[in-house]
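Reading through the structure tokens given below for one structure.
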Amino acid sequence: MAEAALLQYPPVAGEAVRDGASSLIAALVLAGGLSRRMGRAKLLLDVRGRPVIRRTVEALLAHVADVVVVTGTEDAALRAALAELPVRFVNNPRPQDGQGSSIAVGVGALKPWTRAALVALGDQPSLPESVIPALLGAFARTGLPVVVPIYRGGVQGNPVLFGNEVFGELAALTGDLGGKPVVQARPERVARVPLDLPMPADIDTPEDYARLHVE
């Protein structure tokens, strides 16, 4: 969908207007992975009638005002899988440079007035509904620029919310560590949100995909 069409949508969840200025919450969906362990394009696999990536994105659209999908080598197929959804796309020309490079590319595509961006994995189609509201609530309460979920057993996971104060750091990322260098750089600026939930499953292997069908 063209950018001009997206701009015609009225403010929705995640976008508030204060004193005439927009404070927008966006999501960056990392969909540029090479699916090496799966052996095929995992984000296009069917889960109960819909592709993995579509399930992931549809869940995010309920909570944010702008969704940017960062693609890699499967750009055309991902666009087709997300047809008619109000999302934008940006292609990472070097997905082999790791997840950090996709975050950097995605940050570069955010609208200038974006207040914060939720960095989400494209292969987590079963994220519990309560996770994103909990992160957004902690961001609003604390004002801290990094908000991370802590799942059962003290496990830090995804998605992670980043305020625009750290967008410059995200734009400089490379490698396979994703946003961890930004999270770990200054612990005092990180809000940790405890959740009485198991770590949401992602899909890296055929076994992961098989388990998803029995959950």
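The values are calculated or read from the model by the stated rules, or taken from the named source; none is laboratory data. Quantities reported herein were computed from a predicted structural model and do not represent experimental measurements. No Cβ is skipped: glycine too gets one built from the backbone with ideal geometry, and neighbour counts run over all protein chains shown.
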Exercise. Quick one: LEU170 ticks every box in (1) more than 20 Å from LEU136 (Cα to Cα); (2) in contact with a Gly (Cβ under 8 Å, 6 or more places away or on another chain); (3) not charged (D, E, K, R) bar one, so which box is it?
Worked result: (1)
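Tell me, which residue of the range 112-136 that is in contact with a strand residue (DSSP E or B) (Cβ under 8 Å, 6 or more places away or on another chain) and assigned to a helix (DSSP H, G or I) is surrounded by the fewest Cβ atoms within 10 Å (Cβ to Cβ)?
Step one: list which residues in the range 112-136 are in contact with a strand residue (DSSP E or B) (Cβ under 8 Å, 6 or more places away or on another chain), which gives 113-122, 125, 127, 131-132, 134-136.
Among the residues that remain, those that are also assigned to a helix (DSSP H, G or I) are: 131-132, 134-136.
Values: VAL131: 23, ILE132: 24, ALA134: 16, LEU135: 23, LEU136: 20.
So the residue we want is ALA134.
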Problem set entry | Every residue from the range 166-188 that is part of a loop (DSSP other than H, G, I, E, B), on the phi < 0 side of the Ramachandran plot and out of contact with any Asp or Glu (no Cβ under 7 Å at 6 or more places or on another chain) | ALA172, LEU173, ASP176, LEU177, GLY179, ARG186
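Return the only residue of GLY163, GLY143 being at positive phi and touching a strand residue (DSSP E or B) at 6+ places or on another chain (Cβ under 9 Å).
GLY143
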Exercise. How many of the residues making up the range 64-91 are at pLDDT 95 or above and not hydrophobic (A, V, I, L, M, F, W, C)?
Worked result: 7
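Yes or no: VAL57 in a strand (DSSP E or B) and either at pLDDT 95 or above or among the acidic types (Asp, Glu) (or both)? If you could, list the steps in order and put the result at the bottom.
Values: in a strand (DSSP E or B): no; either at pLDDT 95 or above or among the acidic types (Asp, Glu) (or both): yes.
No.
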